[in-house]
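The values are calculated or read from the model by the stated rules, or taken from the named source; none is laboratory data. Owing to the predicted nature of the structure, the values given are computational and were not obtained by experimental measurement. Don't worry about glycine lacking a Cβ; one is built from the backbone with ideal geometry, like all the others, and counts go over all protein chains shown. When the accessible area is computed, the model is the full protein with side chains, heavy atoms only, and any ligands, DNA or RNA have been set aside. Shrake-Rupley method; radii C 1.70, N 1.55, O 1.52, S 1.80 Å.
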Amino acid sequence: MHYSLSDMILDLIQNSIEAKAERITLDLIRSDNYLTVRLCDNGCGMTEGELKKVSDPFYTDGIKHSQRKIGLGIPFLIQTVEQTDGRFEIHSEKNMGTSLDIQFNLGNVDTPPEGDWPGLFRQAFCFEGDYELVINRKLVSDDKRETGYTLSRIELKEVLGDFNDSAAMILLRDYMRSQEEDLLSQLKEIH
Amino acid sequence: MAKMTLEELRKLRSSQKSEMSRRDVDGKEIHIIVGMGTCGIAAGAKDALDSFLETIEKNNLNNIVVKQTGCMGLCYAEPTVDVKVPGMPDTIYGHVDAAVAKEIVESHVMKKNLVDNHIVDKPAGDIIK
């Protein structure tokens, strides 16, 4: 199993990219005790039959990785939410896309740590291809006040060019870290 | 760090570009490809990637392409990194933690000296197409 929630979510984003999604949205909504993750894509989607098989770790479509016999992204997620009193739903329609709705219970002692979010965002932006990925990171305080930031891959690509150029990747890293640091400092002020 | 706006990011990028164009670059690209499959990440590939970026930044290097890739079939030696420097043999390094990543940039990339004790032969047979 993955060490952190962010690593687990990376696998799921990668699923969307490999499903040839042109547009992916990731909402990460953090309240005191819960982390809600919504991931929607307009990729190739799955039939009802395929959808039933995704929870089986020994199922993979045989196309993405022709020599591989396992697919662990969703099974790891199911294992984690089941063990930690979380919740998870998946909806998919063939040729339309897939959406995941996950709630991690951060109050459960066995829930993995959240991990490095800006690091995840950078990684998720640096896969090859022209997909748009919009990330909404939001914190909700006890009295329902919301604060957060949004990242758009296309917007940042327009500013930085090729993310794989090390100089651009350094700026991308700094930009994402600055958004996160600002958010966390706002959180401290709220408390 | 104060929150950076998109406009500030744009300005930083364009000053970075004009700085680079002033330097004498031979046009040959250096590639650093970090294995970031589940096995790589579990073994600390993110720390290695961060260390590569920090060392590149500290030494003011350019013309380096940093990429992430999947598993190279060398899970026992993760984190693994493929380094391609013009004039040097393409090299795969294994067990690359932050300190080794720094050494790869400072020795292999900058001085064209291989880093001992971390060289692994080549990707696993079923990975090579």
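Within segment A:22-40, track down each residue that is at pLDDT 95 or above and touching a Gly at 6+ places or on another chain (Cβ under 7 Å). If the condition is that a residue be at pLDDT 95 or above and touching a Gly at 6+ places or on another chain (Cβ under 7 Å), then A:C40 is the only one that fits. The conditions are (1) within 8 Å of another protein chain (Cβ to nearest Cβ); (2) within 15 Å of B:K112 (Cα to Cα); (3) out of contact with any helix residue (DSSP H, G or I) (no Cβ under 7 Å at 6 or more places or on another chain), and B:K67 fails exactly one of them. Which is it? Unmet condition: (2). Taken residue by residue, segment B:86-96 has no member that is closer than 29 Å to A:M8 by Cβ, within 14 Å of chain A (Cβ to nearest Cβ) and open to solvent by 40 Å² or more (accessible area, probe 1.4 Å).
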